[in-house]
Amino acid sequence: MYRNRASFPAKRRSVDNSDRRRPSSTTSTRRHNFAIELRSHKKDENKYNRHEIVTLMGKLTSIPDDFSLYETGVVAGRLFYQQWPNVLDTIVYLWKLLLDQRLSFIPTLVRYLILPSDTHDFNSRLRVLFKTRIIGLMEGDSVINLQNKLDEVNREINRLDLLLKKRNRLVVHMELSKKKDGKVRESEMIRRRVSEFKSAMECFIDYLDGRGLDSHRSDVVKVLKLEGEYDWIKLYSMIKRECRRLDDGLPIYADREDILSQIHCQQVMVLIADAQQLSTYFFGCCTYHVVGRTFPVDIIYAPETSSSNEESSFVAPYVSHVLKRVGEIHRTEEQGTILAFLTSQNEVEWACEHFKVPSTVALPLHGRLSHEDQYRVYTDYPDNRKVIFSTNLAETSLTIPGVKYVVDSGMVKENWFEPGSGMNVLRVCQTSQSSANQRAGRAGRTEPGNCYRVYGESDFQSMPCHQEPEIRRVNLGIAVLRILALGIHSIKEFDFIDAPCNAAIESALKNLIQLGAVVLENGVHKLTKDGQMLVKLGIEPRLGIMILKCFENRMGREGLVLAAVMTNSSSIFCRVGKEEEKHKSDCLKVQFCHPGGDLFTLLSVYKKWQCVPRDKRNQWCWDNSINAKSMRRCQDAMQEMESCLQHEFNMIIPTYWRWDPEKNTEYDKVLKDVILSALADNIAMYSGNDNLGYEVASTGTHFQLHPSCSLLIFGERPSWVVFGEIIAMPNQYLVCVTSVDFDSLQNLSPAPFDISQIDSRKLQLKVLTGFGTVLLKRFCGKSGYSLKQCVSHIKDTVKDDRIRVEVSADRNEVKLFASSEHMGQVSEMVTSLLEREGKWIQNECFDRLLFSGRRGAAPLALMGSGAQIKHLELEKRCLTIDIYVHGPHDVDEKELLSFLEKLTSGDICAVHRLNTVVGQDNEKWGRVTFLTPEAAEKATKLTPVDFNGCKLKVAPSKSTIGGDSSFLSFPAVKARISWPRRLNRGFACVKCHPNDVSAMVDDFSSLFIRDKLIKCQKSMKFEDNVMLWGLNAEVFERELSEALKRLTNREILDLFIPRDKAVENPPLAVLEETLLREVSSFMPSAAATGDFKNECVRVHIYPCEPKAYDMKADIYFDGSLHLEAAKALEEMDGKALMGCCPWQKMKCEQQFDSILSCPAAVYMVIKVQLHLLLDKLSLRKGVEFAFGRNENGTYRVKISAKATKIMAECRRPLEQLMNGRTIIDDRLTPPVLQVYSSREGFLLQKSIQHETGTCFIIDKHNHTLRVFGPLHKLDLAQNKMVQSLVGLHDNKPLDVHLKGPALPPDLMKKVVEKFGPDLHGLKERFPGLDFVLNTRHHRISIRGCEELKQQVEEVIHEIATSTPGQTVRSHAPSCSICLCDVEDGFRLEQCSHEFCRSCLLEQCESAIRNLENSFPIRCAHEGCGAMLLVVDLKSLLLRDKLDELFRSSLGSFVECSSGKYRFCPSPDCPSVYQVSEEERAFVCGACSVETCTRCHLEYHQSLSCEEYGEFKRDPDLSLKEWMKGKEDVRQCPVCGFTIEKTDGCNHMGCRCGIHICWVCLEHYNTSEECYAHLRSIHHAID
């Protein structure tokens, strides 16, 4: 047929693209009698497929005389006819297609020629067609399917009946009964659904047959009421609706007939949650309960005792609980969508972001999502489970198919009006039982499900049964107005269904009086003219007042928009999605922000939106992150209010704007005054402190501006603002904030509060400057604890909780916030604490031993500020004390130090605080070092002393602390030795088993020790002891035990030798020096190791109790010298120390101990490898390992071995694993390592650690970085870290700040307006750079070429200076040493002057090289002269350089001591002694040289210094004095050797080989020549 008529449509077809109501140019000009319009099912604009309509026309039996087709619009096409039979056949045919669901258009008949007979024919034909179709539906597939399902359910019921008749366990029986009940309800529901559907269809048939409602009995109620003329389109829609309801199976549509019967009989029906209350109010009317879905839902509560510490600083704890529960459901339950209920958009987005579980898709659902994003919850995701995090939007508003599991947080966010404060507060609170049940029902919509509640059943029982009625949660302003309009003046006596509290009514009346809507006349509240207008407007009173006030000021358009946008203020800006999308939204918002506040910003948005063409508004909203739906709601609200104003008050609505957001005009002030008059109850004053925020005038409570507030974009805090409401999330914020003028507040009538009194409460600001960074950090304490204590003390003192003290270490300032009344007192208290802290920093020293040795034996020096030696302790007096605390609580460090300084009248120069456990007896608190030994001695005499409820015990310290850390500079191996200090008393006692006593007496009968027979007998006192008599006094346990074990194989349980009195031994210091010399003789020489003598070994002798038998000592060896250590112990075993008795022989235990430790973070990454290594090493013989955890959280491994070689071999791999590896790379310069401590470096560290399974620890003092982890991963982690740090440093962003004292407040907005929200203008201008705008901190981060960065700064500077009257100061600090711009700056602690780090290092190097006039090291800034403090030196120099500086400072100290101190005369010996007037011997502890402290020569016992000096000049002087007057003493004439002649001949021989004549002193080469001379000259040889 279509082919036969192909020529016809082609010939007459026409399309109208310009105007769908105008016929085509090819259309005949003659008038048609009839037309059939093919209408779309939707009322919106549509696009049509022309081919579909042409194909349809080809199937028509009656060819249209003409037609028109349209591309868009409600009507897709028109078919024109002249003859009625043709049009009748066509319209009936089209309706037949439509009823058979083969037509996508609704045919509509348009008659230009109307005849009654035609109408009758038309209705008759369609009546038959519709009736046939309805009858077919009554027996159609849907009904048949339900009937089949009903039969299946009934069979299941019968099966369950049979099972229930059998004998079952109670649990099984209950389950079967429960299942049967569900099936019975399902069967009944199916039956009722089919019955209701057929009843509806019968109503249609009765209507088509002409049987109206009057033809039925009065007791029969029909579900549908149909009467009047036939409306075929409406009838078709109703038939479709009934079919859809049958398929959907909503329970309420199965109860329509019963409900209508109840209404017909009782006249009133209640269908609400709290039905009983409303039924009672309406005089006990009947209620009807409609059941919901019949699928069972199991409720699972959280355990009552469960408590989780999992909290996030960003969300409430219940959000974490919900995430945990969702993860458990996914792991343990079968497939099915999970729906979790939270309270807000922020929580939903946080949950979606942090829910990272494989095979799941986390989807958000809240009101601010676009339609596309909301529709995602209906999309299927193959092989993935949908997890939907939703607000209460999913509680009742929509049904999501496939939801099988519901997780209920039990919380909801509600808007509450607080009558006491007169403010709206949006807060999170518990939901009601009915809402919780509604949420649970979401899991049983399509199949049985589970509802998991993250709260206990008792919590559910404590919830209110129903949600609090809205009238008790909102402002009663509009309700009170309407009641007053009814003529009821006593509001409190009005018969409310849910009566609000009297406070709410009084608050509403007070607010209405403030707004001028109500007046109180003669004790009666009456409406004013404005009040009567507000009643007719029917909107919130404050919004209505805004509108009326704006009309009074000829700004009607602004007033209407203001009311509309304030109603939708929370949803206009669309800030959803991931962090990148939110950041984009924040940047886009900047262009709209107005310095007047949020309402002005919203006005600006609406005005710009209104200027956009209608067809482009949706795209404009999308491009600018504006909610298009909210904007349309604002427009609809405006239209409603405009209609009301026009019809009720005959007001002319202006279409123009007077207010311009781009200009500051008088209309800005007018709008502010209007907003103030409407929100007079919601006034807040800036407290004076950013952290304290704004003080609400009506309540005195403090709140912060919401982070989205437009005022924050300009970095300003107006003194006075008004706000729309308060949000609690959980922090409380003011939202919809607008700044107002103080003058306008004073003009308010009536005044809501005393403005001058509130203004006087504002906090004043005082800035204290001139403090160093370290000082301020110590003033704050760890985690700000000290600062909190300080502020708390100040608050208690001045009785003002608003006091604030803010410390900025970066800007070196302290800000004080206090009222004018208390500012002086607060300033004095804080200044005193800062001065105290400054004094401690200036006095701070670090100690160094002049040479290696036991602390207390070697001299010690304190180096302080300026790198000067503050004290040199040569007399080995105590400078450091140990403090022990016993009490119920910890003590405050700063109070304790002040207490000690006050009692000792001394200065503290170093503090070492230990990790203590509160409440333990004699717990060591820490160590304190004084500048003078006198102060330390006074402190030791204080013990015990009471301090703040605790007992303090002070004792001289014997531990190595402070700067002398060389004691533990090597991996130590410890060995223990001992020697007796008491002789025995000649007898001993051997303990054994009682049965072995007689046998042991026989065994010991031949006991000889040191060739002496020992007597043996049973003990008369103890039946298990054997007594030995006749022991040598020098025999001790070791020797006796060995002798006994050689004689018997029986078990010796114990051996006891009574001792005599202890002998006197040299002092501990002398013994330690002696033991050290003994051990050092076996160690490598200084020339071989390059170290000072004894550097590789340490000794420590423990003080012994008076009754102790033995002296005990520990020897610490360098682990690399295990062979030397073993040899030393072997040689020393059995020897007595010099100065001890011969019988005090040393016993060297063949047991060596060594301890390795690592932080907890390191242990976590090496845990597996460490324990595997320990298991492997434990297989070796002669070694034991003990693993444990220290009190401070670190982990330790103790190695105990019987040989140093085994110890070294076992320790080496453990060291390699636990000590990690120091990263040595030339690229890791100090500036690069500084990046490691930044936020980006922290994130990088976490990323690499997670990726490689390693751990990094930085030593800021030595500028080194160590990596820990499995050995095979260290190289990878090291390379990644080095490359990443270098990359971060090279790409370190330049921050261009857009906020500051010298910058205009609207600089960020100007930058956005000029370059775009995404700064694309800057990107185009500088293509090599990457820009990121941070709206929260008002800065632009730039990455790329350094030269281009400077150009960007210049561009921003030009924009800043373009503001009229705005000047921007630019100052680049210069270094006073190199006179160039500071690079890698370092700020000195005492004076805060900044220098190049390299320049300061060079200054220290110069002091090390040149001692003359180099100390103290001072600030090089002109006119300053402040000394570099110890904290500066520690930050600048590595440990080796500090040691070099100490040596140089010591040299300068000795040189400048005016001869008071001198170095040991041995070359390169570091020891120093004090010069004295008396002749004393100084024994050098480093080189053992003895020196006279008066003449500085070798010590000369029995000689005066003068005599020894003469002797040094002429060594033979004493000999010459002795020779005087002695004839028998002469000198050799050749060598000068003195010869004394005692007897014999006159021939004398000299040691030089010369033979001398004693008479004349002639000398000869041989004795013969000498004898010949005597005979010939002197005639005799005698």
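Which whole-number percent gives the relative contact order of the chain, counting Cα pairs below 8 Å spaced six or more residues apart?
For the chain, the relative contact order is 5 percent.
In whole Å, largest first, what are the principal axis extents of the Cα atoms in segment 1182-1308?
Extents along the principal axes, in whole Å: 77, 32, 26.
Segment 635-724: percent of C-alpha pairs farther apart than 19 Å?
The proportion of pairs with Cα distances above 19 Å equals 58 percent.
Determine the shape class of segment 705-827: with a ≥ b ≥ c the square roots of the Cα gyration tensor eigenvalues, call it rounded for a/c under 1.5, and otherwise prolate if a/b is greater than b/c, oblate otherwise.
prolate
Please report the accessible area of residue 1070 (heavy atoms, 1.4 Å probe, ligands and nucleic acids excluded) in Å², nearest 10.
Approximately 70 Å² of residue 1070 is accessible to the 1.4 Å probe.
Can you order the peptides 656-665, 1521-1530 by their average number of other Cβ atoms within 10 Å per residue, highest first?
Ranked by mean Cβ neighbours within 10 Å, highest first: 656-665, 1521-1530.
Work out the FRET efficiency for residue 614 and residue 591 from their Cβ-Cβ distance, taking R0 = 30 Å, and round it to the nearest 0.05.
0.85
Calculated from DSSP H runs of 4 or more alone, at -39500 (n - 2.57) each and per residue, what is the 222 nm mean residue ellipticity of the chain, nearest 500?
So the calculated ellipticity at 222 nm is -12000 deg cm²/dmol.
Could you bin all the Cα-Cα distances of segment 715-767 into 5 Å bins starting at 0 and give me the percent of pairs in each, rounded to whole numbers?
Result, from short to long distances: 4, 14, 20, 23, 22, 12, 5, 1 percent.
Ratio of Rg to Rh for segment 440-491, alpha carbon only, Kirkwood?
Dividing the radius of gyration by the Kirkwood radius yields 1.31.
At q = 0.15, 0.18, 0.21 Å⁻¹, what is the base-10 log of I(q)/I(0) for segment 1432-1582 according to the Debye formula with one equal point scatterer per Cα and no solvent? Please give it to two decimals.
Normalising to I(0) and taking log10 leaves -0.86, -1.03, -1.21.
For residue 1108, what is the net charge nearby, where nearby means another residue's Cβ is under 13 Å from its Cβ and Lys, Arg count +1, Asp, Glu -1?
Around residue 1108, the charge tally is +4.
Counting only heavy atoms of protein chains, what accessible area per residue, in Å², does the chain have with a probe of 1.4 Å?
52 Å²
Express in % the proportion of alpha carbon pairs of segment 479-544 at distances exceeding 19 Å.
25 percent
Would you be so kind as to identify all helices of the chain, as entire DSSP H runs, whose Cα atoms reach 27 Å or more along the helix's own axis and whose mean Kyte-Doolittle hydropathy is at least 1.6?
none
Heavy atoms only, probe 1.4 Å: what % of the accessible area of the chain goes to carbon and sulfur, would you let me know?
The value for the chain is 49 percent carbon and sulfur by accessible area.
Order of 352-361, 528-537 by packing, highest average Cβ count within 10 Å first?
528-537, 352-361
How big is the convex hull of the Cα atoms of segment 1313-1354, per residue, in Å³?
71 Å³
How would segment 584-707 be classified by its alpha-carbon gyration tensor: rounded, prolate or oblate, with rounded meaning a/c under 1.5 and the a/b versus b/c comparison settling the rest?
oblate
Hey, could you grab the Kirkwood Rh for segment 336-484? Inverse mean 1/r over distinct alpha carbon pairs, Å, one decimal.
This gives a value of 16.8 Å.
With a ≥ b ≥ c the root eigenvalues of the C-alpha gyration tensor of segment 399-460, is it rounded (a/c under 1.5), prolate (a/b larger than b/c) or oblate?
Taking the square roots of the gyration eigenvalues as a ≥ b ≥ c, segment 399-460 is prolate.
If amide H atoms are built 1.01 Å from N in the plane of the peptide, which residues on other chains or at least 5 residues away come under 5 Å of the amide H of residue 1111?
Under 5 Å from the amide H of residue 1111 lie the amide H atoms of 979, 981, each far enough along the sequence or on another chain.
What number results when the radius of gyration of segment 81-207, computed over Cα atoms, is divided by 2.2 N^0.38 Å?
1.77
Once you have the Kirkwood Rh of the chain from its Cα pairs, apply Stokes-Einstein at 37 °C and 0.692 mPa s and quote D in µm²/s.
73 µm²/s
Which distance in nm do the two modelled labels at residue 811 and residue 1527 give, with both placed 7 Å along the Cα-to-Cβ direction?
10.5 nm
Output the direction-averaged projected area (hull surface divided by four) of the convex hull of the alpha-carbon atoms of segment 499-578, in nm².
8.1 nm²
Give the value in nm², to one decimal: projected area of the alpha carbon convex hull of segment 1284-1433, averaged over all directions.
12.1 nm²
Given the convex hull over the Cα atoms of segment 1382-1512, what projected area results after averaging over all orientations, in nm²?
Answer in nm², one decimal: 10.0.
Once Rh for segment 1374-1414 is found with the Kirkwood sum over Cα pairs, what is the Stokes-Einstein diffusion coefficient at 20 °C and 1.002 mPa s, in µm²/s?
200 µm²/s
Using only the alpha carbons, work out the radius of gyration and Dmax of segment 1235-1344 in angstrom.
That works out to 18.6, 56 Å for Rg and Dmax.
Ignoring solvent entirely, what values of log10 I(q)/I(0) come out of the Debye formula for segment 1008-1163 at 0.13, 0.14 Å⁻¹ when each Cα is a single scatterer?
So the normalised log intensities work out to -0.82, -0.90.
Take the Cα gyration tensor of segment 554-638, multiply each eigenvalue by 5, square-root it, and list the three semi-axes largest first, rounded to whole angstrom.
Three semi-axes, in Å: 21, 15, 11.
The values are calculated or read from the model by the stated rules, or taken from the named source; none is laboratory data. In this text, all values refer to a predicted model and were calculated from it rather than measured experimentally. Backbone-built Cβ (ideal geometry, glycine too); neighbour counts: all protein chains shown. Note: areas computed on protein heavy atoms with side chains; ligands, DNA, RNA excluded. Shrake-Rupley method; radii C 1.70, N 1.55, O 1.52, S 1.80 Å.
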